[in-house]
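Written below as structure tokens is the structure these notes are about.
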Amino acid sequence: MRALEILDPGPRATVQDAGRPGWRSAGAPVCGAADKTAWRLACGLSGAGGGAGEGAAAIEFALRGPVLRAVGGAVRVALAGAAGRIEGADGALRALPAFATATLAEGETLRVGAVEAGAFGYLAADAGFDLPLVMGSRATDLRAGYGGLEGRSLRKGDRLAVPGKAPQGPERTLTPPPPETGPLRVIPGPQDEHFTPEALARFTATDWRVSAEVDRMGARLQGPRLDHTALGADITSDGLTVGAIQVPGDGMPIILGPDSHTIGGYPKIATIITADLSRAGQLTPGALARFRAVTLDQARAAAVAARAALDKALASMRPFTGGGMDLAALAGGNLVSGMIDAQAPRFPGSLEETP
Amino acid sequence: MADRILPLGDAAFTLELDAKPAPAVTARLLALAAALAGRPGVADLAPAFRSLTVHLDPLTADRAALEAQALRLAAAGDAPPVAGRAWRAPVCFDADFGPDQAEVAAETGLDRDAILTLLTAAPLTVLAVGFLPGFPFCGPLPDALALPRRKTPRLRVPPGSLAIANGFAGIYPWESPGGWRILGHCPLPLFDAARAAPALLAPGDALRLDPVNKAEHARLRAALAAGELDPETFLEDAR
């Protein structure tokens with residue numbers, strides 16, 4: 001069978017898809033792509049799909065992409081959030097920009113560069129990856145050790161099989177949605193009553209600095225302390241979700257990520273709305289984050305707008321004629337990998353709560 | 001206080017009952033979850049101790065109607081109760097598996113035998129599953145065994161460890177950091193993603209700890225690990 005063989009996985013690469021909802025009562029986190037928008041665009045471009053129920057899996061890479069080679073046949077790949085360089089068997093180089101596809105002939109190597117903005121980029125293959133569904137999903141759960149490829153991050157020598165044959169027809173590109181700016185929008189609660197009025201005001205008035213403690217479980221922020229009221233910093237554990245912002249006793253907020261626990265005992269001051277989760281999933285150490293409270297009606301309007309922007313981006317798909325030699329891209333600093341590894345985020349465990 | 005709805009972003013809300021965690025409260029939550037399951041736009045239902053978190057599709061769900069319905073069902077209290085299953089969990093309390101037995105004895109003022117007698121006589125109910133996939137929070141524990149977590153959590157708690165803290169007993173399905181007091185080892189495979197129901201124990205299940213000696217524990221552990229023994233053999237009504 002055709003496959004992508006990993007020659008170098010980069011700082012951290014896992015297989016992710018739309019995630020594994022429906023199992024929270026069993027304590028299983030949803031996992032899935034940290035940036036669903038970029039993941040969906042990569043899958044749409046490559047032909048792997050990824051719409052509701054399709055569950056296409058892609059490689060999610062942190063900070064810098066993998067180096068991989070097509071074996072056993074040609075594979076069409078698409079990149080979101082990073083560009084790459086293809087080395088042909090004859091030594092010829094081709095550039096693969098972000099949000100475009102290229103077909104790797106058998107034996108050709110793709111070297112993916114640094115993530116252009118944020119923490120994660122995505123690489124999708126034309127027919128997805130031939131990996132078993134675990135509880136309805138191919139998303140990797142690194143802590144529990146299932147899903148994806150053997151429940152772990154990708155290693156040198158791994159082969160991700162791609163079913164079927166490479167598609168015919170022209171390569172494709174699309175125009176991604178314009179980058180969102182402005183504060184991350186939140187719905188206050190569920191435990192905003194655990195915070196003093198000063199803390200609530202401070203929460204939305206502060207430019208929070210993302211600490212070095214960032215992983216798929218969450219991102220710990222640094223800023224002024226958010227004081228709890230007499231209700232305290234412990235609650236009877238209740239349900240968590242991606243984007244919930246919990247504040248333990250030290251007063252520093254933590255944005256929960258896709259691999260976070262399903263229940264937790266710290267008060268949650270607010271929860272990021274669905275429309276802004278992709279952006280929140282891209283926070284890197286040192287970045288600034290600000291929050292703005294919105295109503296449920298505003299959140300709904302934002303969700304509709306975000307969906308329309310995604311649909312518009314997918315509808316902008318068109319033949320890609322810009323391939324071939326691109327000396328600027330080939331010489332681009334974003335393919336220099338050595339400097340990136342030093343800032344690799346810490347991965348599972350750094351935000352682990354102990355029961 | 002009253003039952004209330006707490007917003008958890010635009011894609012979930014939590015129904016919090018005006019009640020303290022207890023087996024009867026878990027049974028109410030399960031009945032509510034069963035009544036709400038399958039409603040349009042509901043993506044997942046997660047009960048925990050005294051609350052039920054309803055995850056929904058923000059684009060298609062009629063959130064206001066679901067919230068109103070959840071409150072109405074909670075107030076009516078007439079949803080048919082959902083019965084869990086009853087388990088007899090084999091646990092070996094050999095000192096090798098219970099590194100915190102001495103510490104618990106010192107802090108409770110009870111001797112080891114008294115601790116184990118209290119623990120194994122307690123009718124436990126799974127009040128929530130979480131923290132790790134398949135990790136059961138079981139209670140209530142007798143007050144005499146109510147201890148906080150260890151001051152310094154262990155970096156590695158072995159899988160299968162039976163431990164207590166904060167008035168609960170739990171069993172670690174995976175190796176994990178953890179601060180609970182480890183008293184024994186249970187060989188049951190608590191989570192298997194390949195099973196139709198991956199978590200062996202579900203909220204609402206009843207649990208009794210059944211002490212087994214080291215030889216029996218080793219035999220059960222090997223047979224369960226090899227798949228030669230069905231974990232459902234340990235259902236009370238399977239005896």
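Quick note: the coordinates plus some simple rules give every number you see, no bench work behind them. Predicted model only: the values in this text are computed from it and were never measured. Heads up, the Cβs are rebuilt from the backbone with ideal geometry, glycines too, and the neighbour counts pull from every protein chain shown.
Tell me, what is the FRET efficiency for A:Asp90 and A:Arg155 to the nearest 0.05, using R0 = 22 angstrom and their Cβ-Cβ distance as r? With R0 = 22 Å, the Cβ-Cβ based efficiency is 0.15.
In cubic angstrom, how much convex hull volume per residue do the alpha carbon atoms of the protein assembly as shown span? Before the final figure, lay out each step's value.
On the way: hull volume 92.7 nm³, N = 594.
Looking at the protein assembly as shown, the number lands at 156 Å³ per residue.
Note on chain A: lysine pairs with Cα distance below 30 Å, sequence gap of 8 or more or different chains, count 6. With the gyration tensor restricted to C-alpha atoms of chain A, the semi-axes of the equivalent ellipsoid amount to 37, 20, 19 Å, longest first. Mean-square fluctuations from a GNM of chain A, with a 10 angstrom spring cutoff on Cα atoms, peak among A:Gly49, A:Gly91, A:Gly239 at A:Gly91. Extending 7 Å from Cα along the Cβ direction at B:Glu232 and again at B:Leu71 yields two label points whose distance is 4.1 nm. Per-peptide packing, taken as the mean over residues of other Cβ atoms within 10 Å, places A:66-74, B:115-123 in the sequence A:66-74, B:115-123 from highest down. Connecting C-alpha atoms closer than 10 Å in a GNM of chain B, tell me which of B:Ala194, B:Ala33, B:Ala128 has the biggest fluctuation. Result: B:Ala194 has the largest fluctuation of those listed. With semi-axes defined as the square roots of five times the eigenvalues of the C-alpha gyration tensor, the equivalent ellipsoid of the range B:4-76 measures 20, 11, 11 Å, largest first. Consider all pairwise Cα distances in the range B:86-238 and report the whole-number % of them above 23 Å. Tail of P(r) above 23 Å: 30 percent of Cα pairs.
Can you pull out the GluC sites (Glu not before Pro) in the range B:183-239 whose DSSP state is coil and whose Cβ has at most 14 other Cβ atoms within 10 Å?
Numbers: sites: B:Glu216, B:Glu228, B:Glu232, B:Glu236; in loops: B:Glu228.
Those that pass, being in a loop and sparsely packed, are B:Glu228.
Qualifying trypsin sites (Lys or Arg not before Pro) in the range A:121-184, where qualification requires a DSSP coil assignment and no more than 13 other C-beta atoms within 10 Å, comprise A:Arg155, A:Lys156, A:Lys165.
Note on A:240-246: average number of Cβ atoms from other chains within 10 Å of each residue's Cβ is 4.
Identify the chymotrypsin sites (Phe, Trp or Tyr not before Pro) of the range A:1-95 meeting these criteria: DSSP loop state and at most 15 other C-beta atoms within 10 Å of the C-beta.
Working: sites: A:Trp23, A:Trp39, A:Phe61; in loops: A:Trp23.
Qualifying residues, ordered by number: none.
Along the axis of the charge dipole computed for the protein assembly as shown (Cβ charges of +1 for Lys and Arg, -1 for Asp and Glu, origin at the Cα centre), the listed residues B:Ala70, A:Ile272, A:Ala78 are led at the positive end by A:Ala78. Extent of the range A:184-299 along its three principal axes (Cα atoms, max minus min coordinate, largest first): 34, 33, 29 Å.
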